[in-house]
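Structure, as structure tokens:
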Amino acid sequence: MTVLRKNLIDGEWLGEAGSRNINPSNTNDVVGEYASAGPEEAKQAIAAAKAAFPGWSRSGPLARHAVLKKTSDEIMARKDEIGRSLAREEGKTLAEGVGETIRAAQIFDFFAGETLRLSGEMVPSVRPGVGVEMTREGVGVVGIITPWNFPIAIPAWKIAPALAYGNTIVFKPAELVPESAWTIVDILHRAGLPKGVLNLVMGKGSVVGQAMLDSPDVNAISFTGSVGTGKRVAAASVEHMRKFQLEMGGKNPLVVLDDADLAVAVDCAVNGAYFSTGQRCTASSRLIVTEGIHDRFIDAMKERLDKLVIGDALDAKTQIGPVVDQTQLKQDEDYIAIGRQEGAELAFGGERLERETPGFYLRPALFTGATNAMRISREEIFGPVANVIRVKDYDEALTVANDTPFGLTSGICTTSLKHATHFKRNSEAGMVMVNLPTAGVDFHVPFGGRKGSSYGPREQGRYAMEFYTTVKTAYTFAG
Ligand code: ADP
């Protein structure tokens, strides 16, 4: 029997059955049933967050520390169960699901610590007898809108700093992954958050998300998702003169130079392009390879890809789980067809796979002979599809790497200190990796990109403070 998971509004679990959550590894498996909020509930949630803000913003570090620490501890204690449930609803492997859950626990732990470290500055005024204080305060009601590909880590890295710095929240998770969102909210609620501080409104982006964008009472929005929705968030936020932060797509390059360690390069490419079924905004979808290593690299890639175990996310042997749903699978297949029409050669994979249970299984696809002008090199596919672009030398590799509307991550595989250093300085990306996959980041340092990938202050680590607080400058004449 499936339990109905409800929305949390002003401290009450509310709502009727709205949508079913399907396991992409086995479409006969219903993960659960979830309430679907309408515009009225979104308004109630926003009003509750607004009413809770004065109390929470003045609650002091200990109250916030207690909730965040307790949340971290419970997530960590339940990592296997929560990680499994995440893998079941999203399709990433068990190891990836548990790893992501541990990451969420680490993030709550980090921001629990940050509540105790918030500091300000005090300086003498240019006017004698006057002191000037610079302090940080919460922004108010924060709208948090998240995508399906990191069902627990992305909500964690937005909710934890928002709460740590005294904000109240209306949280709208992606429709495909309500269980992970509900779980994290349930844990935070039981950890002792006062009513109204955190509200969960599961439902459609065009309804609940839009109601958040249209409300003058939402003071800031942190969004991760597609470029199209990101632009809507931006336009609506400008209209309401509110703060906003966007994390959107990527078309991340991994450069492989002649002097690279071949085994390291193949590890980076396979991990970066295909792990989590390629459904990471930091995935390496453009493999830019110099002539001297090109053929050896492709042979080694095909050999490695052939050994990957693609199957049910909940099977411990699986290395690549299914695509998240039918819509995404169709998008992946459409791009594979487009790549062929454009003249790239499908050197490996790209076909649908049958497994014991009905699911959205796709063999990782590798294109060779691609150019950087092709649509498969310019548009984000968001699936297990990567293409090799052959280049003459490092200079051409750097030019091609930077020739993209996106700028989230980039990587280079080389044993040359000169090229590694030059690439770190000249890559037009927010995060640069040397001899490491473009995906896979630390939780205590800034995350974010440039150009069409991101907008606004960085997320994560101490840099998160920039978005979730506003600075106050206070002058005192003490006589
Ligand atoms: P993806 O392709 O990753 O699903 P979306 O941008 O469609 O990217 O979705 C990311 C998040 O944005 C989801 O939670 C989705 O429900 C939400 N969303 C979609 N449309 C809107 C909208 N008009 N207003 C606000 N949020 C939206």
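Throughout, read-outs are computed from the coordinates displayed, never taken from laboratory work. Note that the structure is a prediction, hence the values are computed from the model and not measured. Heads up, the Cβs are rebuilt from the backbone with ideal geometry, glycines too, and the neighbour counts pull from every protein chain shown.
Once the C-beta distance of K451 and D395 is scaled by a Förster radius of 35 Å, the resulting FRET efficiency is 0.95 to the nearest 0.05.
Between the beta carbons of E137 and K317, assuming R0 = 45 Å, the FRET efficiency works out to 0.35 to the nearest 0.05.
Once you list every other residue whose beta carbon is under 12 Å from the beta carbon of G452, what net charge do they have if Lys and Arg are +1 and Asp and Glu are -1?
+1
In the distance distribution for the range 140-200, Cα-Cα pairs more than 19 Å apart total 19 percent.
May I ask for log10 I(q)/I(0) of the range 15-78 at q = 0.18, 0.20 Å⁻¹, from a Debye sum over the Cα atoms as equal point scatterers with solvent left out? Taken in order of the listed q values, log10 I(q)/I(0) reads -0.94, -0.94. Each peptide in 445-457, 139-151 gets a packing score, the mean of other Cβ atoms within 10 Å over its residues, and the list from highest to lowest is 139-151, 445-457.
Remark: the chain carries a charge dipole of roughly 1340 debye about the Cα centre, counting +1 on each Lys and Arg Cβ and -1 on each Asp and Glu Cβ.
One decimal place: the segment L116-D29 gains 26.9 nm when fully extended, by the rule 0.36 nm per residue minus the C-alpha distance. At full extension, A17 and E345 could sit 113.4 nm farther apart than now, given 0.36 nm per residue minus the alpha carbon distance. Cα centroids of the range 285-335 and the range 386-462: 20 Å apart.
Would you work out which of L62, T399, N252 lies farthest towards the positive end of the dipole of the chain, given +1 charges on the beta-carbon of Lys and Arg and -1 on that of Asp and Glu, about the Cα centre? Farthest towards the positive end: L62. Size estimate for the range 346-454 follows the Kirkwood approach: the inverse of mean 1/r over distinct Cα pairs works out to 15.8 Å. When its C-alpha radius of gyration is set against 2.2 N^0.38 Å (N residues), the range 323-410 gives a value of 1.18. Packing-based ranking of 387-396, 122-131 yields 387-396, 122-131, ordered from highest to lowest mean Cβ neighbour count within 10 Å.
In a simple Cβ point-charge model (Lys, Arg +1; Asp, Glu -1; nothing else charged), the range 292-333 has a dipole of about 140 debye relative to its Cα centre. Let me make sure I get this right: for the chain, a, b and c are the square roots of the gyration tensor eigenvalues over alpha carbons, sorted descending. Under 1.5 in a/c it's rounded, otherwise prolate if a/b > b/c, else oblate. Which is it? Oblate. Couplings 3J(HN,Hα) for the range 239-248, derived from phi with the Karplus relation 6.51 cos²θ - 1.76 cosθ + 1.60 (θ = phi - 60°), are 4, 8, 6, 10, 6, 8, 9, 10, 10, 10 Hz, where x marks Gly and Pro.
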